């Protein structure tokens, strides 16, 4: 009996991985995902301890900017309303609209809007602390044989599911696809 | 040191002189011993070469796969991983169903399968570009392998579960968005208290579950003991760390240390309820002392701590350190467990050396500390010796009565 339970546990583990893969493949989504491109901002280089990946940060990863004149941190326009109420760990939604080739943030809110203007996209993230936000799209693994490109030239193609989950799909360097996506 | 053969020959020589064995018996024993040694040597050589060969093949396969990693399709990687995961466990279960007596091989296969679960999480994260700093990967790993440890009663997977659990707590406890994150800025004390209480729980449950064959907790004595000595050693320097107390940043939580304290309390309670052998009593007293210290530290760290409190905590931890070391020697002597005696001696040696370098300063200061330390050591030694003699006397009385 005990070993039958072990076999059940192993089967459960396998189904867990199969389910996860199905989720990541979008097999559980009712609607097709949206693909959008967003700008990145330079951050620390890769971390060798965790393998070869680059750290990605976006315009909507930080909520404030240092003001040289007033010598204070000032909240950015798109997060001004939400910032005072946010608590570390709280789920947030970032709303983006197209601007030229890329999508730019226009609002971060702790509430999900039921309807979005046509062409706009929203996805889920988390308020961390000290004005930082995380969306689970902060790492991009790439082969050891490649050099990390200059982050100033990098834009990222995100796959956003109808449930509001964002994943990194492709990296673009100076407008050209750097590595093929999934 | 004389070899086993030399010792055996000397002993048999003495036995012949006493008339216990004759010449033919002596020769037969010596030739039996030599034959066994040769067999053992061959086995050792073959097992060493086998181990090295297996390791080399494994390393080679890993390197070949790694060098072609980018060329392998994602589906191939996923299929290979699932095949390995299921294959490892299935092979062990198949061997078991056939009534195999190769328990180490079966355990190793299950252990490999349990470790592969974490590798699978890493693989999926890499393929689908997932990122998370919350430690959830380790939490999932723990949840996935703990039932295996319990069902298989496997010591190695139990230890792996402990590692997974501690990794999860540390990473999640320091993840800024976690609702259970250790309080800042004094996450150091909270983590120390968590460790202390966890170690108390592990050691208590392990000591008193030792005689219960099917209990998993008995495998946790060594890691629990290691954590206990480690945190006590670190707490010995608390006089340098007390100023981090008094959190001014909101959002931290005392959930992890509080749960660990409850676990430690459960361990102590379990110990007192199951204590059939009197010699364990002193162990329980020391463990209760460490748990008490952890509770005091947690409460004191909620407010700005005074220098005196920091020094007092450090001093108490030194006393507990030496007490525990003496107990290891005392209990090890009773039970003729060399390992435990060595741990105790090493503990005392390390304690004395550390405190010497830690406290060296002015002649007056160092001298005072040495006098106080010496008095503590003398008192502890006297108390332990008295206790040891009383137990021996009681044993002798009870054996005479029988």
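Points to keep in mind about this one:
- Two-site FRET efficiency, residue A:23 against residue B:62, from Cβ-Cβ distance with R₀ of 25 Å, rounded to 0.05: 0.30
- Compared with the alpha-carbon gap, the fully stretched path from residue B:155 to residue B:303 is longer by 49.2 nm at 0.36 nm per residue.
- Distant alpha-carbon pairs in chain A (separation over 22 angstrom), percent: 55 percent
- Relative contact order (%) - criterion: Cα under 8 Å, at least six apart; region: the stretch B:1-134: 16 percent
- Sequence-distant contacts, meaning Cα pairs under 8 Å at least 6 residues apart, place the relative contact order of chain B at 11 percent.
- Kirkwood Rh (inverse of mean 1/r, distinct Cα pairs), the stretch B:103-205, angstrom: 15.0 Å
- Mean residue ellipticity (222 nm) of chain A, computed from DSSP H runs ≥ 4 via -39,500 (n - 2.57), nearest 500: -4500 deg cm²/dmol
- Projected area, mean over directions - chain B, Cα convex hull, nm²: 29.5 nm²
- What the pair-distance distribution of the stretch A:74-150 shows, using all Cα-Cα distances binned every 10 Å from zero, is 16, 42, 28, 13, 2 percent.
- Value of D in µm² per second that Stokes-Einstein yields for the stretch A:125-169, Kirkwood Rh from Cα pairs, at 37 °C (0.692 mPa s): 259 µm²/s
- From helices alone, chain B scores -27500 deg cm²/dmol at 222 nm; the rule is -39500 (n - 2.57) for each run of n ≥ 4 DSSP H residues, then divide by the residue total.
- Here the relative contact order of the stretch A:108-182, from alpha carbon pairs under 8 Å that lie six or more residues apart, stands at 23 percent.
- Using the Cβ-Cβ distance between residue A:39 and residue B:389 with R0 = 51 Å, the FRET efficiency computed as 1/(1 + (r/R0)^6) comes to roughly 0.05.
- Point-to-point label distance, residue A:153-residue B:90, nm (Cα→Cβ direction, 7 Å offset): 4.7 nm
- For q = 0.10 Å⁻¹, Debye-computed log10 I/I(0) when each Cα of the protein assembly as shown counts as one equal scatterer: -1.12
- With the simple model of a label 7 Å out from the Cα in the direction of the Cβ, residue A:81 to residue B:143 spans 3.5 nm.
- Separation of alpha-carbon centers, the stretch B:277-348 and the stretch B:175-211, rounded to whole Å: 16 Å
- 0 to 90° range, to nearest 10: angle between helix A:2-24 axis and chain A longest Cα axis: 40 degrees
- Rotationally averaged projected area of the stretch B:16-123 (alpha carbon convex hull; nm²): 11.1 nm²
- Estimated FRET transfer efficiency (residue B:253, residue B:36; beta-carbon r; R0 51 Å; 0.05): 0.25
- Rounded to the nearest angstrom and listed largest first, the equivalent-ellipsoid semi-axes of the stretch B:279-379 from its Cα gyration tensor are 26, 20, 10.
FYI, it's all coordinate maths here, none of it is from the lab. All of these numbers come straight from a predicted model, not from anything done at the bench. All Cβ positions, even for glycine, are placed from backbone atoms using ideal geometry, and neighbour counts span all protein chains on display.
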